[in-house]
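The values are calculated or read from the model by the stated rules, or taken from the named source; none is laboratory data. Note that the structure is a prediction, hence the values are computed from the model and not measured. Cβ placement follows ideal geometry from the backbone for every residue including glycine, while neighbour counts extend to all protein chains displayed. With ligands, DNA and RNA removed, areas are computed over all heavy atoms of the protein, side chains included. Shrake-Rupley method; radii C 1.70, N 1.55, O 1.52, S 1.80 Å.
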Amino acid sequence: MPYSPTFDTTRPHLRLLITLLMFSLPMLLGSLALHSRYQTELLQQSNAAAARTMMLMETMLGHAQEANRNALPLLGKPCEAVLDTLREQVALVPFVRSVNLARQGKIYCTSFFGAFKMPYGVEQYSQGSLLLGNTSPARRDHPFLAMRAKQGDAAVVTLVDGDYLSFILHLSDPSLEIMLNVGGRWLDEQGHFFDKTPFWTGLAQVSLSSETYPLTIRAGHNLSSSWLSLLQYRSFGLILLFSFCVGFAFIMWWLLGRPRSPTNELARALQAREFVPFLQPLVASDSERVVGAEVLMRWQHPTAGLIRPDLFIPQAEASGLIVPMTHLIMTEVGAVMAARQACLPDDFHIGFNISAAHCRDNVLLDQCREFLARFAPGKVVLVLELTERELLVADPHTLELFRQLDALGVQLAMDDFGTGHSSLVYLQQFHVNCLKIDQSFIGRIGTESLSEHIVDNVIDLGSRLGLALVAEGVETRQQADYLKGKVACLQGYLFGRPVPVRQFCDEQLAQAASPAMEVKQEQPEPA
Ligand code: C2E
Ligand code: CA
Ligand code: CA
């Protein structure tokens, strides 16, 4: 995936945000799934309980119907003559508490007391056949179910005791609440009678109506909140889900923190401005005064510390990121040194290492212009160092670019001179101003005569080309003395190690007017 600075998932805040999302999203979806499954289970339980209760209720009413059928032929006969048969029904038919004969809206004969006269509220019967009541001739405030079978203006009314009803309602799971409803009247498991719909907020409520009788069974769970009860009764599932989400979020956190591809990591570092300029002084070989500096890039990595350029420059060049990286340190050096230009000696040389990739378009010209514009005229000489190991293709576009750079006053140094194959024609084509003799040659000075001879040859070749010479990697006094008068400038640990740009300004610019010190800063070199 290409690197996107706004979506850099290694940034702590974004990484934390994504990790939290990766925890809360599955946790939320998982909880919703568990909740919905739990609701379905509750509904299934309510339905099953209502069906079971209905089956028992219908069985019981079937018996009442049987008693009614048996008593129908007794209608119209004198009460004394049929009383024994009525009482026989009570004794033999299950659940039946009393059998009553009625005519023109009044009971005239009951298995309880025999002959009797009392209206029985026929109009209150649902579909004229079923009544849930609370006070019967036998007992006050005791629920009953009356089943009526009509024949002309007469009827048989069989009463089922409320205790049987509440017993049937009570048979289900104690966590369930089951109610019987006939007409507008209700009976609950505890035998409480209601003449209007009782208020109840139980969960997963279902209503089941009988296909045979005008009655309804309502069932539901005695739970106030489905989420709380989910927590209470499905805690194992929730703990499992929670552990899974924590594990998932942890893996996410780890994955996001893993180093990405080297190019993406470089792009991230560029965005975070982790590339910083270090400066190493260049001294005049005769006076040993600081006359310039070479800018050397370092990567101030947040965890790995200071990283040497040879460990990341090849990757930066391959990916093309070297161009904005160089621009970043040019801008930084320009800003810091322009602020201190009063301390700079005139014609102070500032050298940047430039990769061939940077010379492909005119962006380099613009960046050089931008750099020089910060300084007063004549204050600095901008030097671009091109390594001899990576020669440029002399096509018309590149030649034109270097012509314009030359016109701008930008100097060109051939870096690592002696290690590559630059020809005289090449050096002239690109308007090279200076040669930096590679440190591998300087290191041979003071060893044995044959190697020293090679150094002399390289210096001789450089001088004959008529270009200014800079000796790199000067580490000993003997080397400095040997090179005095043979090259224009010296650069090496003897005069100063690369240090951060601000430190360079503080330490070296103060001495710019005086000879460089023998023993230089012990800035730790990066890993
Ligand atoms: P270079 O351009 O030849 O830079 C000189 C290298 O020699 C630097 O290593 C410097 O620290 C080291 N050096 C200086 N004096 C002495 C000395 O007395 N003894 C020894 N042994 N070494 C000395 P550094 O900074 O590690 O840079 C290595 C290379 O990385 C540079 O070689 C250059 O090719 C490349 N580089 C550094 N910064 C940049 C940059 O901004 N852009 C590009 N494209 N390349 C860079
Ligand atoms: Ca260089
Ligand atoms: Ca070099």
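Listed here are the helices (runs of 4 or more DSSP H) enclosed by the range 198-297 that have at least 3 residues being in contact with a His (Cβ under 8 Å, 6 or more places away or on another chain): 226-233. For the range 387-404, enumerate the residues that are within 16 Å of ligand 1 (Cβ to nearest atom) and either out of contact with any helix residue (DSSP H, G or I) (no Cβ under 6 Å at 6 or more places or on another chain) or open to solvent by 60 Å² or more (accessible area, probe 1.4 Å) (or both). Those that are within 16 Å of ligand 1 (Cβ to nearest atom) and either out of contact with any helix residue (DSSP H, G or I) (no Cβ under 6 Å at 6 or more places or on another chain) or open to solvent by 60 Å² or more (accessible area, probe 1.4 Å) (or both): 387, 388, 389, 390, 391.
Within the range 300-334, restricting attention to residues that are β-branched (Val, Ile, Thr) and out of contact with any His (no Cβ under 7 Å at 6 or more places or on another chain), the residue that is farthest from residue 348 (Cα to Cα) is 303. Sub-6 Å Cβ pairs linking a first residue in the range 338-359 that is over 15 Å from residue 385 (Cβ atoms) and in contact (Cβ under 8 Å) with a residue 24 or more places away in the chain to a second residue that is open to solvent by less than 20 Å² (accessible area, probe 1.4 Å) and near ligand 1 (Cβ under 9 Å from one of its atoms), at least 6 apart or interchain, number zero. Just wondering, is there one or more residues in the range 262-269 that are within 16 Å of ligand 2 (Cβ to nearest atom) and within 22 Å of residue 364 (Cβ to Cβ)? So far as the range 262-269 goes, no, none of its residues is within 16 Å of ligand 2 (Cβ to nearest atom) and within 22 Å of residue 364 (Cβ to Cβ).
If only residues of the range 325-361 that are within 12 Å of ligand 1 (Cβ to nearest atom), part of a helix (DSSP H, G or I) and open to solvent by 50 Å² or more (accessible area, probe 1.4 Å) are counted, the one that is farthest from residue 262 (Cα to Cα) is 332. The test for being away from ligand 1 (no atom under 14 Å from the Cβ) and open to solvent by less than 50 Å² (accessible area, probe 1.4 Å) does not hold for residue 418.
Set side by side, the residues 364, 384 differ, and just one is within 15 Å of ligand 2 (Cβ to nearest atom), surrounded by 20 or more Cβ atoms within 10 Å (Cβ to Cβ) and more than 38 Å from the chain's Cα centre (by Cα), which is 384. Among the residues of the range 471-489, those that are surrounded by 15 or more Cβ atoms within 10 Å (Cβ to Cβ) and either in contact with a His (Cβ under 9 Å, 6 or more places away or on another chain) or part of a loop (DSSP other than H, G, I, E, B) (or both) comprise 472, 473, 474, 475, 476, 486, 488, 489.
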